[in-house]
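The structure that follows is given in the form of structure tokens.
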Amino acid sequence: MKEIEKLIEIEALLENLMKNHQKGGILRIKILFFCSVYQNLPVGMIIDKLGIKKANFTLMTTSLVEEGAIEVKKSNIDRRCRLVCLTEKGQKELDQFLSGMKRALGNTTVEVDKSIDTLCTFLNKII
């Protein structure tokens with residue numbers, strides 16, 4: 001049970017940290033991040049990874065498309081599948097956010113970096 005309590009605490013602390021450095025919401029940055037890491041990712045996979053409702057995703061992506069931060073296009077392989085791609089403008093916004101977070105966090109130790117990697121590996125296995 002202690003692990004669950006720690007995970008909840010970590011999630012809350014990270015969300016608060018990110019809120020202090022991002023205007024427009026954390027969901028916006030999460031979508032930009034997933035588009036950057038997983039280029040040409042199908043919409044359904046992003047929704048699953050984020051654990052959000054399709055309606056919330058649609059509202060956010062509509063805004064991001066209108067602003068020119070992402071593009072949504074049909075797959076060349078399966079025309080029914082929509083892919084989300086990060087634009088240069090979206091990458092710039094994401095890079096600015098990540099730089100701000102890096103400045104806020106400062107330098108970390110090898111132990112902290114290893115702990116973060118271990119936590120990510122663990123969570124990716126169970127999700």
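The values are calculated or read from the model by the stated rules, or taken from the named source; none is laboratory data. As the structure is a computational prediction, the values presented were derived from the model and not from experiment. Every residue, glycine among them, receives a Cβ derived from its backbone with ideal geometry; neighbour counts consider all protein chains shown.
Please work out which residue is nearest to the chain's Cα centre (by Cα), limiting yourself to the range 25-76 and to residues that are under 17 Å from Thr87 (Cβ atoms) and of a type in the set (Gly, Ala, Ser).
Per the criteria, the residue is Ser36.
If you don't mind, another one. What are the pairs, 6+ residues apart or on separate chains, where a residue within the range 96-109 that is within 17 Å of Lys30 (Cβ to Cβ) and modelled with pLDDT of 85 or more has its Cβ under 7 Å from a residue that is assigned to a helix (DSSP H, G or I) and among the aliphatic types (A, V, I, L, M)?
Phe97/Ile29
Here is a further query. Residues being loosely packed, with under 13 Cβ neighbours inside 10 Å and in a helix (DSSP H, G or I): count how many of those fall in the range 27-57.
Total meeting the criteria: 6.
Scan the range 16-37 for residues that are out of contact with any Asp or Glu (no Cβ under 7 Å at 6 or more places or on another chain) and at pLDDT 80 or above and report the count.
As a first pass, look at the range 16-37 and keep what is out of contact with any Asp or Glu (no Cβ under 7 Å at 6 or more places or on another chain): 16-25, 27-31, 33-37.
In the following step, the residues that additionally are at pLDDT 80 or above were identified as 27-31, 33-37.
Selection size over the range 16-37: 10.
Residue-wise test of (1) hydrophobic (A, V, I, L, M, F, W, C); (2) surrounded by fewer than 13 Cβ atoms within 10 Å (Cβ to Cβ); (3) part of a strand (DSSP E or B).
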residue	(1), (2), (3)
Asn76	no, yes, no
Val84	yes, no, yes
Gln91	no, no, no
Gln96	no, yes, no
Ser99	no, yes, no
Ala104	yes, yes, no
Thr108	no, yes, no
Asp113	no, yes, no
Ile116	yes, yes, no
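What are the residues in the range 58-70 that are of a type outside the set (Val, Ile, Thr) and surrounded by fewer than 16 Cβ atoms within 10 Å (Cβ to Cβ), if any?
Leu59, Ser63, Glu66, Glu67, Gly68
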